[in-house]
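The values are calculated or read from the model by the stated rules, or taken from the named source; none is laboratory data. In this text the structure is predicted, and so the values were computed from the model without any measurement. Because the Cβ atoms are built from the backbone with ideal geometry, glycine has one as well, and the counts that use them run over all protein chains shown.
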Amino acid sequence: MFAEFGYGILVVSFLVAMYSLIAAVYGAIEKSAAMVESSRRAMLLTFPLLSLSAAALVYLLVNNHFEVAFVYEVTSRSMPTYLKVTAWWGGQAGSLLFWAWLLAAFTSAVTIRKWERDIEFLPWVIVVNSITLLFFLGMVVFYENPFTRFWLVGGSVEPHMFAPLNATLFAAPDGNGLNPLLRHPGMVIHPPMLYLGFVAYVIPYSFAMAALITGRTDDRWIRLTRRWSLWAWLFLSFGLVLGGRWAYDVLGWGGYWGWDPVEIAAFMPWLTGTAFLHSVMIQEKRGLFKHWNMILVILTYSLVIFGTFLTRSGVLSSVHAFANSPIGPFFMAFVSLTLVVSIALVIWRWPILQGETEMNSMLSREALFLLNNLLFMSVLVVCFWGVVSPLASELFTNQKVTLGPPFYERATAPIFAALMFLMGVAPLSAWGHSTIQTLGRAIWKSALAALVLTVILFITYTQNYIALIGFFLIALVLLVTLQEFWRAARARQRAQSENFFTALTRLMGRNRRRYGGYIIHISMMLMAIGILGIEIFQTETQGALAQGEQLNIEGYTVEYRELASWPDEGEGVNYTRAVVDVYENGIYLGELTPRIDYYFDSQQNMTIPGNRSTLKDDLYVLLVDWEPVSNAGATFKIYVNPLVNWMWIGSLLFFIGVIFAAWPDRDPAEEPVRAARKAHQSSAAD
Amino acid sequence: MQRTKFFLGGALILAAVVYLLVSSTQASAEYFMTVDEVKAKGDSVVGKSLRLSGAVLGDTIQYDSETLELTFDIAHVSGDNADIEAQGGLAEVLYQAVNDPTRERITIHYVGAKPDLLRSEAQAILTGKLSEDGVFYADEILLKCPTKYEEAVPEQAAAK
């Protein structure tokens, strides 16, 4: 009953989206405002429709309807209700529906805004969004239907949507249950955050395509979607960080990022998105890079779809185990088709996308931004190469080659270092023209201080030259950025005769994007401290201990005290928990309780570390094995991860920075350079 | 003049990225191989970074919890997913591999905690190097077990 209802609504949504697409194209070509309005209303209808369908699926999930294949795959009776709800995105079919539902929500949000002067964009924005929506709805309606049920046909169980001849509905007594690794608060919100980011990037893309089609290729489309890009970027970043935190807390390998293809799949649109965020500023301020911004937004869109495909199709083996599925070729076809069409549009509009000025200084702000973009693209190329190398090598050499973390670390480290250097230099350069002399005057104090700091670190902390280069760059960026806050606030303090604090807050409030960006730069450097710490200084030890025995690592002593194992039938889990006492240089610090949760339904273990986290380092203790009968011996693996906490501190500051930059401001007095020229179409609408 | 400078700069960056890609690929490529392929290539793959997969033979597992030394044998399993599907799925293929004494086998050596999923008929994916004595020294072990979790369609017997 609910399954038929849910599926029926899906089909209706598909047809409504189809109508919306046709009406929008017709309305745009025939210049019929009534048709466009009709298409807009149809588009608005998809969100409540898909919400109903999703509600039906959630109802089935929560109420143990194991006759539905998807419910059987991702839930079991022992799961708590909140996990049953979040199982919605725990499998392929459900997550595709989730994607479509989010897209319908965002498209609706965008179509109910006041269009007024931008009305010519409206039909084409609807066209692009409805094509994307139709693709995802087509996937769930025809290939990955979350409402497919089990039928007993002549002695065997088969999945079908509707009853085959002489078949009776078959309900399994219990489901497989969500993979226990995914039963973690981080995992409950990590996929939706990534998806929010993914889907939100469809909106700037749709405006870019509308701008190309209508030929209105000034920076209006960028201004209209500036906040969408920022929020998309925020959610994508948030999703990435949550995924890392989840891996650190649950996967039990002492790290947060393993260069897994699925991680990279989410990281690639982040790279183009970050490049886009920077380069749109050049178009707004200087009227340059118009082709480039189009290409970036197109790439981001393609990588978002490609990323969804990688995470969901199982073409690449990874810890994110999702089964092989038939939808892979459709994804590839869709990505290729949209990419080709979009690039063709850019080529068609190439002449009217010419820059309004020329770049004429290698050290000007815009030139350094261009360099920043090239570096982000270089990281992207490295990632793409790494991800496709198993497929490509098999295709061309008949020998499957994989590239693991060492490849990525080796290839990206110099690029990241160059990016950090730019982060230190670019804020000091001027629009239009800068020279070595002006830059040198602005940077020498910070550079000298960073150098002194590095020498101190060399003497007291480490002789690892990669770490020293890293710390030098981090110090340089932090000092330059803080100096920028200081310099501007001092100047304002003198000019307006305010006190320093008032001057600083007013200054930041007047130019949210710039100072939000600086906060983000600072947060990135804090994260870089954590990354350097874990990448270069991580140490580990392991050993089997009898009760009372100790392991020593980096001044810490870990003593095995006791172990207990008990089943929780209601939850379907067996817990095994060890208690260890931790000492540092002989001083008792407290106890840690690493544990292993064994899930009966999936016969799978989850290794939860006992972690003691300080600003200096993390002591990360894993229970890996124990003697079941005597309880006398247990094997532990211990990591010391120096400085890793700065990673999480940095990510918190990062969110503050993005929210600060994205917060709606009422002050229209920005962009003085081009304000005069663009006055007739100011950005009051966003 | 400016234009030339920009092109020169771009070309430099491009060259640097290509260099990074090529050198890093050469330095850290891991070759995916099956047991048969390793046996067939013999000495030519000794010392190279390999990723080897096969079916774990349960009775060969030996573990010393004092020294954390682990050894076990794996039997050849096809590396091609389509092939595995054609032969009746991963569980079936692993079962056959373990119970077929004619299959090629390789001994694995590893130092570290014994993974929980290490048992007969598990699929092991090992990263490491082949030594001259024919033993594969693994740095990393990944295990996949065809469990109930992967059942797409419930067994009818469960309904009774």
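Restricting the range A:379-437 to residues that are outside any helix (DSSP H, G or I) and surrounded by fewer than 17 Cβ atoms within 10 Å (Cβ to Cβ) leaves a set whose member that is modelled with the lowest pLDDT is A:ASN398.
When A:HIS433 is tested against (1) within 14 Å of chain B (Cβ to nearest Cβ); (2) more than 27 Å from A:SER279 (Cβ to Cβ), just one condition goes unmet, and that condition is (2).
Just one of the numbered conditions (1) at pLDDT below 85; (2) within 23 Å of A:MET606 (Cα to Cα); (3) among the β-branched types (Val, Ile, Thr) is not true of B:ILE141: (1).
Kindly indicate which of A:GLY244, A:GLY255 is outside any helix (DSSP H, G or I) and under 22 Å from A:GLY386 (Cβ atoms). Answer to the selection: A:GLY255. Scanning the range B:75-115 for residues that are small (Gly, Ala, Ser) and in contact (Cβ under 8 Å) with a residue 24 or more places away in the chain returns B:ALA75, B:SER78, B:GLY79, B:GLY89, B:ALA91, B:ALA97, B:GLY112, B:ALA113. Can you find even one residue in the range A:519-541 that is out of contact with any helix residue (DSSP H, G or I) (no Cβ under 9 Å at 6 or more places or on another chain) and not polar (S, T, N, Q)? Checked the range A:519-541: at least one residue is out of contact with any helix residue (DSSP H, G or I) (no Cβ under 9 Å at 6 or more places or on another chain) and not polar (S, T, N, Q). Does the range A:422-430 contain any residue that is within 14 Å of chain B (Cβ to nearest Cβ) and among the polar types (S, T, N, Q)? Within the range A:422-430, none of the residues are within 14 Å of chain B (Cβ to nearest Cβ) and among the polar types (S, T, N, Q). Put simply, of A:ALA503, A:ALA488 the only residue that is among the small types (Gly, Ala, Ser), within 18 Å of A:ILE443 (Cα to Cα) and surrounded by 12 or more Cβ atoms within 10 Å (Cβ to Cβ) is A:ALA488.
Restricting to the range A:70-102, count the residues that are out of contact with any helix residue (DSSP H, G or I) (no Cβ under 7 Å at 6 or more places or on another chain) and over 21 Å from A:THR308 (Cβ atoms).
8
Taking the range B:26-55 on its own, how many of its residues are of a type in the set (Asp, Glu) and within 11 Å of A:THR402 (Cα to Cα)? Number of matching residues: 1.
Put simply, of A:ARG349, A:ARG365 the only residue that is surrounded by 21 or more Cβ atoms within 10 Å (Cβ to Cβ), charged (D, E, K, R) and more than 23 Å from B:SER24 (Cβ to Cβ) is A:ARG365. Tell me whether the range A:16-27 contains one or more residues that are under 14 Å from A:LEU97 (Cβ atoms) and surrounded by fewer than 23 Cβ atoms within 10 Å (Cβ to Cβ). Within the range A:16-27, not a single residue is under 14 Å from A:LEU97 (Cβ atoms) and surrounded by fewer than 23 Cβ atoms within 10 Å (Cβ to Cβ). Here A:GLN550 passes the criteria (1) touching a residue at least 40 places away in the same chain (Cβ under 8 Å); (2) surrounded by fewer than 17 Cβ atoms within 10 Å (Cβ to Cβ) except the one numbered (1).
Within the range A:607-625, being surrounded by fewer than 21 Cβ atoms within 10 Å (Cβ to Cβ), within 14 Å of chain B (Cβ to nearest Cβ) and in contact with a Leu (Cβ under 7 Å, 6 or more places away or on another chain) holds for one residue alone: A:THR607.
Filter the range A:392-407 down to the residues that are within 23 Å of the chain's Cα centre (by Cα) and at the interface with another protein chain (Cβ under 8 Å from one of its Cβ atoms) and list them by number. Passing the criteria: A:LEU403, A:GLY404, A:PRO406, A:PHE407.
For the range A:64-93, residues that are under 16 Å from A:PHE170 (Cα atoms) and either free of Cβ contacts under 8 Å to residues at least 24 places away in the same chain or not hydroxyl-bearing (Ser, Thr, Tyr) (or both) total 9.
To keep it simple, each residue is scored yes or no on (1) at pLDDT 85 or above; (2) within 12 Å of the chain's Cα centre (by Cα); (3) among the hydrophobic types (A, V, I, L, M, F, W, C).
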{"position": "A:ILE213", "(1), (2), (3)": "yes, no, yes"}
{"position": "A:ASP218", "(1), (2), (3)": "no, no, no"}
{"position": "A:TRP221", "(1), (2), (3)": "yes, no, yes"}
{"position": "A:ALA247", "(1), (2), (3)": "no, no, yes"}
{"position": "A:PRO261", "(1), (2), (3)": "no, no, no"}
{"position": "A:PHE267", "(1), (2), (3)": "yes, yes, yes"}
{"position": "A:LEU271", "(1), (2), (3)": "yes, yes, yes"}
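Among the conditions (1) more than 14 Å from chain B (Cβ to nearest Cβ); (2) in a strand (DSSP E or B), the only one that A:GLY239 does not satisfy is (2). Assuming A:SER389 fulfils every condition listed in (1) of a type in the set (Gly, Ala, Ser); (2) at the interface with chain B (Cβ under 8 Å from one of its Cβ atoms); (3) within 21 Å of the chain's Cα centre (by Cα) apart from one, which condition is it? The number of the failed condition is (3).
Quick check on the range A:67-87: of everything there that is modelled with pLDDT of 90 or more and surrounded by 23 or more Cβ atoms within 10 Å (Cβ to Cβ), which residue is farthest from the other protein chains (Cβ to nearest Cβ)? Only one residue tops the list, namely A:LYS84.
Checked across the range B:39-49, the condition of being within 21 Å of B:TYR95 (Cα to Cα), in contact with a Gly (Cβ under 9 Å, 6 or more places away or on another chain) and of a type in the set (Ser, Thr, Tyr) holds for no residue. Within the range B:71-102, the set of residues being buried (at least 16 other Cβ atoms within 10 Å of the Cβ) and within 11 Å of chain A (Cβ to nearest Cβ) comprises B:GLY79, B:ILE84, B:LEU90.
If we scan the range B:12-23, do we find a residue that is at pLDDT 85 or above, touching a Leu at 6+ places or on another chain (Cβ under 7 Å) and surrounded by 18 or more Cβ atoms within 10 Å (Cβ to Cβ)? Among the residues of the range B:12-23, not one is at pLDDT 85 or above, touching a Leu at 6+ places or on another chain (Cβ under 7 Å) and surrounded by 18 or more Cβ atoms within 10 Å (Cβ to Cβ), which makes the answer no.
Scanning the range A:123-155 for residues that are among the small types (Gly, Ala, Ser) and away from every other protein chain (no Cβ under 14 Å) yields a count of 2. Regarding A:GLU535, is this residue under 24 Å from A:THR614 (Cβ atoms), in a helix (DSSP H, G or I) and charged (D, E, K, R)? Taking the combined requirement at face value, the residue satisfies it. Close contacts from the range A:154-165, counting a first residue that is more than 16 Å from A:GLU144 (Cβ to Cβ) and a second that is in a loop (DSSP other than H, G, I, E, B) and of a type in the set (Val, Ile, Thr), with Cβ to Cβ under 7 Å and a gap of 6+ residues or different chains, come to A:VAL157/B:VAL153. Looking only at the range A:156-179, residues that are more than 7 Å from chain B (Cβ to nearest Cβ), buried (at least 21 other Cβ atoms within 10 Å of the Cβ) and more than 21 Å from A:PHE5 (Cβ to Cβ) come to 2 in all.
Of B:GLY79, B:GLY42, B:GLY58, all but one fail to be of a type in the set (Gly, Ala, Ser), out of contact with any helix residue (DSSP H, G or I) (no Cβ under 6 Å at 6 or more places or on another chain) and at positive phi; the exception is B:GLY42. Each residue in the range A:546-600 was checked for being within 14 Å of chain B (Cβ to nearest Cβ) and assigned to a strand (DSSP E or B), and 12 pass.
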